1. What does the charge add up to near Asp27, with Lys and Arg as +1, Asp and Glu as -1, over the other residues with Cβ less than 14 Å from its Cβ?
2. Kindly sort Glu62, Glu9 by accessible area of their heavy atoms, largest first, with the probe set to 1.4 Å.
3. How much accessible area does Ser169 have with a 1.4 Å probe, in Å² rounded to the nearest 10?
4. For a quick check of understanding: with a 1.4 angstrom probe and all protein chains in place, what accessible area in square angstrom does Ile22 have, to the nearest ten?
5. Using unit Cβ charges (K, R positive; D, E negative) and no other charged atoms, how large, in debye to the nearest 20, is the dipole of segment 4-99 about its Cα centre?
6. Kindly report, to the nearest 10 Å², the accessible surface of Arg172 as traced by a 1.4 Å probe over protein heavy atoms only.
Amino acid sequence: MSLPKGLAEEVSRNLVMVAQLIDEEPDKAYEYSRIALRLASRVAAVREAAGFAAYATQKYSEALAEFRAARRMSGGVELWPVMADCERGMGRPERALAMAGEPEVQKLDKAGQVEMRLVAAGARRDMDQLDAAIVTLQSPELASGAVHPWTARLRYAYADALLAAGRESEARDWFAKALEADKDGVTDASDRLAELDGVEFVDAFDDSDDEGVEGVEGAIDEVDDEDDVDGGVELRDGDIDDEIDEIDEIDEVDDIEDGDDR
């Protein structure tokens, strides 16, 4: 569906704001998506953006409705995994699992199929089927040494499932593999590894350090006081006023002497 030029530009501006804010400020992104939705609710891209904004703010029922509308308009299947995850968010993991077995999954590209596997594993965990979740994640994509945009997340999910099952040694290995693939920092694999290795991070600005800083500042103040007694050059507001008065007095004396000379 085409829009008049002015309306199209306004809708585009709001969609740009959704894209810019959705990761850091999802609530604001959601507000912009609602504006775009009021302006152009019959545009598939608008419904999709509104769906992702609702999803980012955990409004899963609303997100699912928007994704379904976008899918009807576009006829594509790429939203299938996130639609299934909305079912999980609404407390219906069994529906997510049912979607994982639908023919639409076979029409997804490799990234979409991996995403669907992640959603299905999450649904298994929601249903306390931990062993089944681990098996769901075991796949050629997991075993591959190649690194793709989804590799770090897949390895991380597998490591997390292993850890939940008490298989700590294996989990550590997979967290390390996840970190190796995570060039963009999309997971906290490094923190999980440190936790498993018993590494503790010390706050560089803890209370003890504050006391040390206060001690140094106190020593500096004492030096400043000694400098004042010894005739230092530090001037405070009152000192400045006194200096100005002194200068005025000197000027008056100079004026009188000049008058005598004349």
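The values are calculated or read from the model by the stated rules, or taken from the named source; none is laboratory data. Computed from a predicted structure; not experimentally measured. For neighbour counting, all protein chains shown are included, and Cβ atoms are generated from backbone atoms with ideal geometry for every residue, glycine included. Side chains included, ligands, DNA and RNA excluded: accessible areas come from the protein's heavy atoms. Shrake-Rupley method; radii C 1.70, N 1.55, O 1.52, S 1.80 Å.
1. -2
2. Largest accessible area first, the list is Glu9, Glu62.
3. Result for Ser169: roughly 90 Å² accessible.
4. In the full protein context, Ile22 sits at about 40 Å².
5. 460
6. The accessible area comes out at roughly 90 Å².
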